[in-house]
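Below are the structure tokens for one structure; questions will follow.
The values are calculated or read from the model by the stated rules, or taken from the named source; none is laboratory data. Since the structure is predicted, the reported quantities are computational estimates derived from the model, not experimental observations. Using ideal geometry, Cβ is built from the backbone for each residue, glycine included, and neighbour counts are taken over all protein chains shown.
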Amino acid sequence: MDTEITPSTLAGTARAPPSKSYTHRAILAAGYSGGALVYDPLISADTEATMRAVDAMGGDVTETESGAVEIDGFDGRPDVPADVLDCANSGTTMRLVTGAAALADGITVLSGDASLRSRPQGPLLSAIDELDGRAESTRGNGRAPLVVRGPIEGGTVSMPGDVSSQFVSSLLMAGALTDEGVEVDLETELKSAPYVDITLELLDEFGVEAGKGGDSYHVEGGQFYEPTDGEYHVPGDFSSISYLLAAGAVAADEDAAVRVEGAYPSAQGDTHIVPVLGRMGADVDWNRDDGVVTVRRSSLSGTEVDVGDTPDLLPTVAALGAVADGETRIVNCEHVRYKETDRVSVMAEELEKLGAAVEEREDELVVNGGESDLRGARVEGHADHRIVMALSVAALAADGPTTVGGAEHVDVSFPDFFQVLYDLGADIDR
């Protein structure tokens, strides 16, 4: 689906969508439990993949009329699915559920779409082998389709930390249900570490003790998933909030502001978008007690942003850099190449179509807004929700209308994205 965006001015209040990262983990944690009610979940293509996986492993997932998700869990004993688990385009689903598959007494096969089958899973497969399970890629290249056999009993594993933090999260969530528990020793610095902090925070909410010591993470075995009062409330998603704040910074009405509600503090690393905007000169204020971020249109200046812990912010920051005066350097970003797309290369390619001056390096993306002259063009989202939303932000500041191809892929994390922009005043034709 194509969406045309014409430069517009924005004003008003928007509500943050629920966190995709917390929703995935909460659904699986509820599946690991005897049962739980998950309030304020993000219902999207990705999280529905995790719901299907919990169903296939012996749980029962039901969406209520109020929008909550009621889950009758499999109480720590996942069944072997009757068919291949289709994780669609959701890397989080595949990685978290691979840990669950290692608990099942039998063989589980996991696959997904072409994009997901290109993403690396090798360190997680090796870890399951170290725990006396069996895990392999059918093509022998560390990528899906995956075959996993359990059950594992726990133990200590060693793995690199610079491929995906989701491997650690998967092993911690499953490890609580093993006999011996699991310790994960990291061989290299952990990238995207705040996402493991999210896992630890959620485990605590579900009554599971886990922690970090030095370069390792650990969880005791023999534990039970039991959320307080049998329920869990999903917080707002700062990855999605980043696009709304960026849109306000580049396109808010001069006499008004964009307010985003539901932005409460949490372990999410992408809360870093607020200080990044501040460093770039944006007029931004975060009332943490009320969960409201207010941003006004501002003259932005380039800055350096390290996305080692916040890979999902790269597209947002790149779009801001194309509008800002001077040079924006996004560093420590090689791991961002292994997402739904190679987001470093794709953002460089698509921003250049809009007239941005971009230089791509192995571990760095440099956007020189001072040498950019953004003009409307046709750009492609590359079946990546974050690319679509970031390019839409840049389109608001371009000269003339921009057509974004593949706009339907916002359904992965922010299904109402274009409606929210429209309600704020954006000129959008879908």
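Could you say which residue among Asp162, Asp197 is surrounded by fewer than 21 Cβ atoms within 10 Å (Cβ to Cβ), among the charged types (D, E, K, R) and under 14 Å from the mean Cα position of the chain (by Cα)?
On the way: Asp162 fails: under 14 Å from the mean Cα position of the chain (by Cα).
None of the others qualify; the one that does is Asp197.
Of everything in region 88-111 that's among the hydroxyl-bearing types (Ser, Thr, Tyr) and farther than 16 Å from Asp129 by Cβ, which residue is surrounded by the fewest Cβ atoms within 10 Å (Cβ to Cβ)? Lay out the reasoning, then the answer.
Quick first cut of region 88-111, residues among the hydroxyl-bearing types (Ser, Thr, Tyr) only: 90, 92-93, 98, 108, 111.
Those left that are additionally farther than 16 Å from Asp129 by Cβ: 90, 92-93, 111.
Details: Ser90: 27, Thr92: 23, Thr93: 29, Ser111: 17.
The qualifying residue surrounded by the fewest Cβ atoms within 10 Å (Cβ to Cβ) is Ser111.
Would you be able to tell me the number of residues in region 232-261 that are crowded, with 19+ Cβ neighbours inside 10 Å and within 23 Å of Ala68 (Cβ to Cβ)?
Residues meeting the conditions: 10.
Looking only at region 200-231, how many residues end up being in contact with a helix residue (DSSP H, G or I) (Cβ under 8 Å, 6 or more places away or on another chain) and surrounded by fewer than 15 Cβ atoms within 10 Å (Cβ to Cβ)?
Selection size over region 200-231: 3.
If a residue must be out of contact with any Asp or Glu (no Cβ under 8 Å at 6 or more places or on another chain) and surrounded by fewer than 24 Cβ atoms within 10 Å (Cβ to Cβ), how many such residues does region 399-416 contain?
5
When the residues of region 368-383 are narrowed to those that are without any contact (Cβ under 8 Å) to a residue 60 or more places away in the chain and within 22 Å of the chain's Cα centre (by Cα), which ends up surrounded by the most Cβ atoms within 10 Å (Cβ to Cβ)?
Filtering first and then ranking leaves Gly381.
Quick one: which residue in Ala104, Ala144 is of a type in the set (Gly, Ala, Ser) and in contact with a helix residue (DSSP H, G or I) (Cβ under 6 Å, 6 or more places away or on another chain)? Before the answer, list the steps.
On the way: Ala104 fails: in contact with a helix residue (DSSP H, G or I) (Cβ under 6 Å, 6 or more places away or on another chain).
Being of a type in the set (Gly, Ala, Ser) and in contact with a helix residue (DSSP H, G or I) (Cβ under 6 Å, 6 or more places away or on another chain) holds for just one of Ala104, Ala144, which is Ala144.
Residues of region 317-334 being of a type outside the set (Asp, Glu) and over 13 Å from Arg361 (Cα atoms), which ones? Break it down into steps so the answer makes sense when it comes.
Kept after step one, since they are of a type outside the set (Asp, Glu), are these residues of region 317-334: 317-324, 326, 328-333.
Selection gives Val317, Ala318, Ala319, Leu320, Gly321, Ala322, Val323, Ala324, Gly326, Thr328.
Here's the yes/no breakdown for (1) out of contact with any Pro (no Cβ under 9 Å at 6 or more places or on another chain); (2) surrounded by fewer than 19 Cβ atoms within 10 Å (Cβ to Cβ):
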{"site": "Asp40", "(1), (2)": "no, no"}
{"site": "Thr50", "(1), (2)": "yes, no"}
{"site": "Val61", "(1), (2)": "yes, no"}
{"site": "Gly73", "(1), (2)": "yes, no"}
{"site": "Val80", "(1), (2)": "yes, yes"}
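Identify, by number, the condition in (1) buried (at least 23 other Cβ atoms within 10 Å of the Cβ); (2) under 26 Å from Gly91 (Cβ atoms); (3) of a type in the set (A, V, I, L, M) that Val331 doesn't meet.
Here Val331 meets the rest and fails (1).
Collect the residues in region 203-232 that are part of a strand (DSSP E or B) and either of a type in the set (A, V, I, L, M, F, W, C) or within 15 Å of Ile273 (Cβ to Cβ) (or both), keeping them in residue-number order.
Of all residues in region 203-232, those part of a strand (DSSP E or B) come to 210-213, 216-219, 231-232.
Those that are part of a strand (DSSP E or B) and either of a type in the set (A, V, I, L, M, F, W, C) or within 15 Å of Ile273 (Cβ to Cβ) (or both): Ala210, Val219.
Would you confirm whether or not region 394-410 contains a residue that is closer than 14 Å to Thr3 by Cβ and among the hydroxyl-bearing types (Ser, Thr, Tyr)?
Yes, the conditions are met somewhere in region 394-410.
Here's a follow-up. Test Glu340 against the stated conditions and say whether it is surrounded by fewer than 17 Cβ atoms within 10 Å (Cβ to Cβ), among the charged types (D, E, K, R) and assigned by TED's automatic domain parsing to the domain that holds Thr316.
Details: surrounded by fewer than 17 Cβ atoms within 10 Å (Cβ to Cβ): no; among the charged types (D, E, K, R): yes; assigned by TED's automatic domain parsing to the domain that holds Thr316: yes.
Taking the combined requirement at face value, the residue does not satisfy it.
Right, another one. Restricting to region 20-37, and then to whatever is crowded, with 24+ Cβ neighbours inside 10 Å and aliphatic (A, V, I, L, M), can you tell me which residue is nearest to Leu85 (Cα to Cα)?
Residues of region 20-37 crowded, with 24+ Cβ neighbours inside 10 Å: 20-33, 36.
Narrowing the set further to residues that are aliphatic (A, V, I, L, M) leaves 26-30, 36.
Values: Ala26: 19, Ile27: 16, Leu28: 14, Ala29: 18, Ala30: 18, Ala36: 23 Å.
Filtering first and then ranking leaves Leu28.
Cβ-Cβ below 9 Å, separation at least six or inter-chain, first residue in region 335-350 and on the phi > 0 side of the Ramachandran plot, second not small (Gly, Ala, Ser): which pairs?
Listed by first residue and then by second, the contacts come to nothing, as the list is empty.
Something else: Looking at (1) outside the structural domain of Asp270 (by TED's automatic domain parsing); (2) within 16 Å of Phe417 (Cα to Cα); (3) of a type in the set (Gly, Ala, Ser), find the lone condition where Ala88 falls short.
Looking at each condition in turn, Ala88 falls short on (2).
Mind listing just one residue for me: the one in region 120-134 that is closer than 14 Å to Leu96 by Cα and among the aliphatic types (A, V, I, L, M) and, of those, surrounded by the fewest Cβ atoms within 10 Å (Cβ to Cβ)?
Leu125
Moving to a separate point now. Can you tell me which residue is surrounded by the fewest Cβ atoms within 10 Å (Cβ to Cβ) among those in region 278-327 that are more than 25 Å from Tyr195 (Cβ to Cβ) and of a type in the set (Ser, Thr, Tyr)?
For region 278-327, the residue satisfying everything is Ser299.
Looking at the structure I just gave you, is Ile107 over 25 Å from Ala45 (Cβ atoms), without any contact (Cβ under 8 Å) to a residue 40 or more places away in the chain and assigned by TED's automatic domain parsing to the domain that holds Arg25?
Details: over 25 Å from Ala45 (Cβ atoms): yes; without any contact (Cβ under 8 Å) to a residue 40 or more places away in the chain: no; assigned by TED's automatic domain parsing to the domain that holds Arg25: yes.
The answer is no for Ile107.
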